[in-house]
Amino acid sequence: MKDTLIYVHDPMCSWCWGFEPTRKIIFETVADRMQIRRLVGGLASDSDQPMPESMRLMLRQTWQRIEHTIPGTRFNYAFWDECSPRRSTYPANRAVIAAREQGESFDPIMTARIQRAYYLEAKNPSDNSVLVDLAADIGLDVEKFAESLESDSLQQKLLAEIESTRAMGINSFPSLAIHRDGILRHIGLSYTDPDAMLSQIEAT
């Protein structure tokens, strides 16, 4: 049985966006000899409340810190003027699972589309209407997606997935772990050095 590399993320996690180039290198390097399991971790639960100004400022500062920490990472700050931000990432998490229901390959495709919409196109993935448009962009069955997105069964799938990540001791995103010989080991993150992480994976 192949070892499993587990990736836990949130499509609206800005550090996950910054981690994407390194993640892609890691996945491409290990894909031929490991199973890869992607899980959403649920950064922020459902909320209809406008994001407080203090949190808006904190997140804008986080974006700036990521740009300085991870060269090449870009953000479109127009989001903060053109959208009505809410501290709510569960809709985007559900969208990834709803996309996955139409084929495992849609999981990373939907995640990438949400990230581009949020960080580069100043769209708000906390809104189901935006997520339905993104589903159309990537060629999903939109009617099926929209129905699933608002279903109780999908919410239960999300909560179960979040619970499984917490049971692994994973509470921050992005996170990587490897399951080998019945043992789960966490991999220390390096946002700009995939070789350092690959060395950990090989040595685990």
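Structure above, values below:
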read-out: Pairs, first farther than 22 Å from Gly182 by Cα and in contact (Cβ under 8 Å) with a residue 24 or more places away in the chain in region 5-29, second hydrophobic (A, V, I, L, M, F, W, C) and not in a helix (DSSP H, G or I), C-beta under 6 Å, six or more apart; value: His9/Phe173; Asp10/Leu43; Asp10/Phe173; Cys13/Leu43; Cys13/Phe173; Cys16/Phe173; Gly18/Ile70
read-out: Set Ser84, Ser45: member being assigned to a loop (DSSP other than H, G, I, E, B), at pLDDT 95 or above, in contact with a strand residue (DSSP E or B) (Cβ under 9 Å, 6 or more places away or on another chain) and surrounded by fewer than 16 Cβ atoms within 10 Å (Cβ to Cβ); value: Ser84
read-out: In region 153-204, the residues that are of a type in the set (S, T, N, Q), over 18 Å from Pro11 (Cβ atoms), touching a Leu at 6+ places or on another chain (Cβ under 9 Å) and touching a residue at least 60 places away in the same chain (Cβ under 8 Å); value: none
read-out: Hits in region 63-81 (condition: outside any helix (DSSP H, G or I), of a type outside the set (Val, Ile, Thr) and under 11 Å from Ser14 (Cβ atoms)); value: Phe75
read-out: Residue within region 114-124 that is within 20 Å of Ala78 (Cα to Cα), touching a residue at least 60 places away in the same chain (Cβ under 8 Å) and small (Gly, Ala, Ser) present; value: no
read-out: Among the candidates Ile25, Ile36, Ile6, residue that is β-branched (Val, Ile, Thr) and buried (at least 17 other Cβ atoms within 10 Å of the Cβ); value: Ile6
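The values are calculated or read from the model by the stated rules, or taken from the named source; none is laboratory data. Values in this document were obtained by computation on a predicted structure and should not be read as measured data. Don't worry about glycine lacking a Cβ; one is built from the backbone with ideal geometry, like all the others, and counts go over all protein chains shown.
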